[in-house]
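The values are calculated or read from the model by the stated rules, or taken from the named source; none is laboratory data. Note that this is a predicted model, so its numbers are computed, not measured. Cβ sites come from the backbone with ideal geometry, for glycine too, and all protein chains shown count toward neighbours. Protein only, heavy atoms only, side chains kept; ligands, DNA and RNA dropped before computing areas. Shrake-Rupley method; radii C 1.70, N 1.55, O 1.52, S 1.80 Å.
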Amino acid sequence: MKKDGRPSLALVIGSGGIKCAAAIGVLQVLETENIAIDMVVGCSGGAVYGAAIAQGFSADQLVETSAKAWTSDITRRINFSSLLKIIFPKRFGFDDEIGIIDDRIMAENIETIFGAKTTFADTRVPFYCVATDFHTGEPVVISKGKLAKAIRISSGIPIVFKPLEWEGKLLIDGALSNPLPVDVAIKAGADLIIALGFEPPLEHSVNSPVNFASQMFSILENQLLAKKFAFYNLAYHSEIIAIVPEFKEKIRCNDVSKVPFIVDQGRREAEKHIHYLKQALAMK
Amino acid sequence: MNNGKKIALVIGWGSVKCAAALGLLRVLKREGIGIDMVIASGGGSIFGALFALGYDVEEIVSMNQRLWTHEVTEKTNRLAILQLILPKIFKVGEYFNLRDDQLMNERLFEALGKQTFKDTTIPLFISATDYKTGKHIVISQGSIYQAVRATVALPLVFPPIQVDNQLLADGYLSEPLPIGVAIQEGAQIIIAMGFESISQEARNSFSDYLLHLSGILSNNLLQASLSFYNLAHHSELFIIFPQFEDDIHMFDTHKVPEIIQIGEAEGEKLLPKLKQKLEFSQ
């Protein structure tokens, strides 16, 4: 509960790469209804949009954010030293800091959007993002320090991007431990939670080792998402409003051209829930 | 001795560590506490299946020593390495795997043969994962050998197998500790033995790395399942997580006697609470 007696509303954006742009659609609906968000939690791609919303970006500004974050060159630069370590582990010394794609472009993009010096203390409403401890596998909540680095850490898809050090821990993508971090909002004192989640797509056909591994991770992440959400629902049922947009077509991770379509889906899904949300806000 | 209470034993994913369940069963047998159903996932299914088929615990222990010699899991699938490097030439299908499974299949068949779920003395349920849809599958009919072979198919290590129209892989992808099945089957007391899937040792190759990442996910899945079942269950739930001092590798078959002892010690620890629950329910 906030000081003025108003219930505190949290927006939680789960992992889902560029599909997290559906958060823009959700924000459009909230803007129309004049409903303010009091805190934002993001995981992986959700951290990009979450941080921007916490910064006070409007829905229109967020569309621009998508284009700045997922530039077409983001996956272009290969990290050859990682590739050599993977193929010849003994000769080149295999270590935990594997990342096939050089992360410099991605890190620069995030800094361009948020500014290199911006910290969590600068956001308009509190923002939290989640990552995973590579060694213990446990979820880690980041709520202070440089915003851009935290976002880069949270969206560090393992194998693709290298893990990064943060306060003595080696961290990777939050999706591996907490793909839809509703619990972070609960612990931060949210009364009502809009949880925007995405199911990782399964492969249509498995015909390369990459496909094979990606199918394994998608299955695990889907199951993890479902189990965690079932638990949150059981433990805190009435306060969580789940929005899970479905996408019939496959959306590649940096396909910016699909953003308008994704935003539309997000808005449509949010509109289905707005009546209940208003009711719940009034009742609290 | 069960005072009419239906007791389920759930043995979770944990490859060779699952042998700890034998230690637990040894204690339960000594105390005359019967198990009414067995639910297992991954490596746990081997011991669970033999127990459900009516083998005595000591018989399973000695069978285990004969079946799980080191060579079962040490043969590398050379084709897989070529597939990794040159995927276009050496086609990869859904059966991609890094270890040769032939000897494991032979040994599993030697132990389980043509027995079906109808041959068990108590109901047996084996958890696996549909590799196409990612859904949790509970197998309770047909060939036990096939079900066990499906659920030990840890992706990237051993290939999934086709059963009827489904491509089945390791239960660890969807239900590393299938307590939910015991609840659905009406168990009043559930003893669940689970295992952490994260290794503390350094990773020396890409396949170690992939397995570590999938271990992180599966471990979080296990934790999430436990939180959920703890809240949702309407029966008594005893959860055991045997702790091992050394890191036990998937292929450390020679450590089985030590693992069984650890399981036995866990069984002794559980006993007072379990007995109390059985007496109260008289």
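Solvent-accessible surface of the range B:140-282, taken per residue with a 1.4 Å probe and all protein chains present: 40 Å². When the accessible area of chain A is computed with all protein chains present and a 1.4 Å probe, what percentage of it is carbon and sulfur? It is 53 percent, rounded to a whole number. Specify the inter-centroid distance of the range A:10-47 and the range A:65-117, based on alpha-carbon positions, in whole Å. Here the answer is 26 Å between Cα centres.
Grab the DSSP H runs of the protein assembly as shown that are 4 residues or longer, score each as -39,500 (n - 2.57), total them, divide by all residues and round the 222 nm result to the nearest 500 deg cm²/dmol. Numbers along the way, then the final one.
On the way: 20 runs with 242 residues, N = 566.
One gets -13500 deg cm²/dmol as the mean residue ellipticity at 222 nm.
Converting phi to 3J(HN,Hα) with the Karplus coefficients 6.51, -1.76 and 1.60 and the offset θ = phi - 60°, the range A:180-186 yields 9, x, 4, 4, 5, 5, 5 Hz in sequence order, with x at every glycine or proline. Between B:ALA265 and B:LEU103, what's the calculated FRET efficiency when r is the beta-carbon distance and R0 is 35 Å? Round to 0.05. Once the sixth-power term is evaluated, E becomes 0.65. For helix A:104-114, what angle does its Cα long axis make with the longest principal axis of chain A, in degrees from 0 to 90 and rounded to 10? Once rounded, one gets 20 degrees. In straight-distance terms, cross-link reach from A:LYS169 covers every one of the aspartates and glutamates whose alpha-carbon lies under 19 Å from its own, apart from those fewer than eight places away in the same chain; here that gives A:ASP95, A:ASP96, A:GLU97, A:ASP103, A:ASP133, A:GLU138, B:GLU201.
Roughly how much accessible area, to the nearest 100 Å², goes out of reach of solvent when B and A pair up, both sides summed, probe 1.4 Å? Provide the component values of the computation, followed by the final result.
Numbers: alone 13510 and 14090 Å², together 23920 Å².
Adding both sides of the contact gives about 3700 Å².
Relative to one another, the C-alpha centroids of the range A:184-246 and the range B:123-173 are positioned 23 Å apart.
When the GluC sites (Glu not before Pro) in the range A:93-139 are filtered for DSSP coil states and for at most 15 other beta-carbon atoms within 10 Å of their beta-carbon, the remaining sites are A:GLU97. Simple spin-label estimate for B:LYS114 and A:ASN233 gives 4.5 nm between the two label positions (7 Å along the Cα-to-Cβ direction from each Cα). Here A:LYS187 is the anchor, and the lysines within straight C-alpha reach of less than 20 Å, apart from those fewer than 8 places off in the same chain, are A:LYS2, A:LYS3, A:LYS144, A:LYS227, A:LYS228, A:LYS284.
What GluC sites (Glu not before Pro) does the range A:185-268 have in DSSP loop regions with at most 10 other beta carbons within 10 Å? Write down the numbers at each step before the final one.
Working: sites: A:GLU203, A:GLU221, A:GLU239, A:GLU246, A:GLU249; in loops: A:GLU203, A:GLU246, A:GLU249.
Qualifying residues, ordered by number: A:GLU246, A:GLU249.
Each Lys and Arg Cβ is given +1 and each Asp and Glu Cβ -1; about its Cα centre, chain A then shows a dipole of about 160 debye.
Largest mean-square fluctuation among A:GLY99, A:GLY168, A:GLY16, in a Gaussian network model of chain A whose springs join Cα atoms under 10 Å apart, belongs to A:GLY168. Counting Cβ atoms of other protein chains within 10 Å of each Cβ in A:122-129 and taking the mean gives 0.
Leaving out ligands, DNA and RNA, what percent of the accessible area of chain B is carbon and sulfur, probe 1.4 Å?
Carbon and sulfur atoms account for 51 percent of the accessible area of chain B.
Each 10 Å bin from 0 upward holds the following percent of the Cα-Cα pairs of the range A:45-100: 20, 30, 21, 21, 8, 0.
Ordering B:ILE144, A:LEU164, A:TYR128 by the projection of their Cα atoms onto the charge dipole of the protein assembly as shown, which places +1 on the Cβ of Lys and Arg and -1 on the Cβ of Asp and Glu, puts A:TYR128 at the extreme positive end.
Give the shape of the range A:210-284 as rounded, prolate or oblate, defined through the alpha-carbon gyration tensor: a ≥ b ≥ c are the square roots of its eigenvalues, a/c under 1.5 means rounded, and otherwise the shape is prolate if a/b is larger than b/c and oblate if not. It comes out oblate by the Cα gyration axes.
The residue among B:SER218, B:PHE47, B:VAL256 whose Cα reaches farthest toward the positive pole of the charge dipole of the protein assembly as shown, with charges on the beta-carbon of Lys, Arg, Asp and Glu, is B:SER218. Peptide B:198-208 has a mean of 4 when you count, residue by residue, the C-beta atoms of other protein chains within 10 Å of its C-beta.
What net charge do the residues around B:ALA111 carry, taking every other residue with its C-beta under 14 Å from that of B:ALA111, with Lys and Arg at +1 and Asp and Glu at -1? Before the final figure, lay out each step's value.
Details: positive: B:ARG66, B:ARG107, B:LYS114, B:ARG149; negative: B:GLU59, B:GLU106, B:GLU110, B:ASP119.
Value of the local net charge: 0.
Which one of A:LYS144, A:LYS162, A:LYS85 has the biggest mean-square fluctuation once chain A is modelled by GNM with Cα springs under 10 Å? Looking only at A:LYS144, A:LYS162, A:LYS85, the biggest GNM fluctuation is shown by A:LYS85.
Among complete DSSP H helices in chain B, those whose alpha-carbon atoms stretch at least 30 Å along the helix's long axis and whose mean Kyte-Doolittle hydropathy reaches 0.0 are B:206-232.
For the range A:84-221, the square roots a ≥ b ≥ c of the C-alpha gyration tensor eigenvalues yield an a/c of 1.5 or more together with a/b not exceeding b/c, which makes the shape oblate.
Highest mobility in the GNM of chain B, judged by mean-square fluctuation with C-alpha springs under 10 Å and restricted to B:LEU25, B:LEU222, B:LEU67, is found for B:LEU67.
Calculate the dipole size of the protein assembly as shown relative to its Cα centre from +1 charges on Lys and Arg beta carbons and -1 charges on Asp and Glu beta carbons; express the result in debye to the nearest 20. Working shown, then result.
Values: 55 positive and 63 negative charges, 153 e Å.
Result for the protein assembly as shown is approximately 740 debye, rounded to the nearest 20.
For the range A:137-284, pairs of C-alpha atoms spaced more than 20 angstrom apart make up 60 percent of the total.
If you count the DSSP beta bridges with both ends in the protein assembly as shown, what percent of them are antiparallel, to the nearest 5?
On the way: 23 of 60 bridges.
Beta bridges within the protein assembly as shown, antiparallel portion: roughly 40 percent.
Taking a straight Cα-Cα cut-off under 18 Å and skipping sequence neighbours fewer than 8 places away in the same chain, the lysines within cross-link reach of B:LYS132 are A:LYS248, A:LYS250.
Taking the convex hull of the alpha carbon atoms in the range A:155-222, what volume per residue do you get, in Å³? The partial results should precede the final answer.
Details: hull volume 6.7 nm³, N = 68.
Measuring per residue, one finds 99 Å³ for the Cα hull of the range A:155-222.
Computed with a 1.4 Å probe over protein heavy atoms only, the accessible surface of the range A:36-134 comes to 44 Å² per residue. With a cut-off of 11 Å between beta carbons, the residues surrounding B:VAL163 carry a summed charge of -1, where Lys and Arg count +1 and Asp and Glu -1.
With the alpha-carbon atoms of the range B:147-282 aligned to their principal axes, the span from lowest to highest coordinate is 53, 40, 24 Å, starting with the largest. Taking every alpha-carbon pair within chain A, the share separated by more than 37 Å comes to 10 percent.
Provide, as a two-decimal number, the C-alpha radius of gyration of the protein assembly as shown over 2.2 N^0.38 Å, N being how many residues it has.
Working: Rg = 24.7 Å, N = 566, 2.2 N^0.38 = 24.5 Å.
Normalised Rg, Cα atoms only: 1.01.
When the other protein chains are added to the chain by itself, burial of at least 50 square angstrom of heavy-atom accessible area (probe 1.4 Å, ligands and nucleic acids ignored) affects these residues of the range A:143-170: A:ILE159.
How crowded by other chains is A:133-141, given as the mean number of beta carbons from other chains within 10 Å of each beta carbon? Intermediate values should be presented prior to the final figure.
Values: counts 1, 5, 4, 4, 12, 5, 2, 0, 0.
That works out to 4 on average.
Could you give the angle, 0 to 90 degrees to the nearest 10, between helix A:45-54's Cα long axis and the longest principal axis of the Cα atoms of chain A? Once rounded, the angle reads 40 degrees. A simple spin-label model places pseudo-atoms 7 Å from Cα toward Cβ; at A:ILE35 and A:GLU246 they are separated by 2.3 nm.
Counted residue by residue at 0.36 nm each, then reduced by the alpha carbon distance between them, the extension gain from A:ASP264 to A:VAL141 reaches 41.3 nm. Taking amide H as placed 1.01 Å from N in the peptide plane, the amide H of B:LEU237 sits under 5 Å from that of B:ILE190, each at least 5 places away or on another chain.
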